[in-house]
Amino acid sequence: MTAQTDDELWSAIGDPSRRRVLDLLLSNGEVSASWLAGRVPFSRQAVSKHLVVLERTYAVFCQGPYGESIRYHDFMGWDVPWYSARDSLGTLLSPPRRPGMMHLVCYLRDGDRVFETYWTTLRGVETMDNSYALMDLTVYGRQEPWEDSPPGWPQQCSYTRTDAGAPDWPPVPVWPGGRPIPQWPRLEAGHSDDLTVRPRSSAGTVSEPATAADRCGGSFGEAG
């Protein structure tokens, strides 16, 4: 994983030609630069230059529909590059990986070839998640029911969800009540949690209503 500034990330991902290259890679898996050049309106040399720019970039690939998940992305105020891999999950998360679970995936480009170099899921992802790693260092830990905690210690799901925000942050009585804790400040700041997908230009349709409390945009990958 390579640290880059936001400007560098958006420069890499924001270019329409590079997004087209990324779409082809997501849909078709391991392909050559020559193969890509036959499907884009620019030369093989230009394709190679775009791949060089993209060679060290972090991105999130949601497993659900883009329209709904990008609204969650916007509601939370995130600026990480965001894509939907819904139509390519069978390839990108082929067995023994399991679609529907969180994954961290790394890719390496060597000339015309792209290799998947590493992947992990579940506890493997959590070791790189600061929130869980930090909670594991505290006295009460994650407050999860499976933890072997002494009698009287809090295990009320308040480690990630509460029934309301500041100042009381009341714990939820039953999982998965309430909301994920980071959502409350966003609501208090006036951001809408309506994730309903609006009609788009050609054949877009309106999805069933949903809110951020009901669904969170899953993610699984790193383009590296």
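Computed from the coordinates by the stated procedures, all read-outs in this text should not be read as laboratory data. Nothing here was measured: the structure is a model prediction, and the numbers come from that model. Reconstructed Cβ throughout: ideal geometry from the backbone, glycine too, with neighbour counts over all protein chains shown.
For the reader, a short list of remarks on this structure follows.
- Across all Cα atoms of region 85-155, the radius of gyration (one decimal) and Dmax (whole number) stand at 17.4, 59 Å.
- Sequence-distant residues sharing a close amide H with ARG161 (under 5 Å, placed H): ILE181
- Charge-dipole axis of region 69-119 as Lys and Arg at +1 and Asp and Glu at -1 on Cβ define it, positive-most pick from TRP78, GLY100, TYR118: GLY100
- Multiplying the residue separation of TYR118 and GLU147 by 0.36 nm and subtracting their alpha-carbon distance yields 7.5 nm.
- In nm, spacing of pseudo-spin labels at SER192 and SER17 (7 Å Cα→C-beta vector): 3.6
- Phi angles across region 137-154 convert, under the Karplus curve 6.51 cos²θ - 1.76 cosθ + 1.60 with θ = phi - 60°, into 3J(HN,Hα) values of 8, 7, 4, 8, x, 7, 6, 8, x, 6, 6, 7, 9, x, x, x, 6, x Hz, Gly and Pro given as x.
- Fewest-first sequence of TRP119, TRP153 by Cβ atoms within 10 Å of each Cβ: TRP153, TRP119
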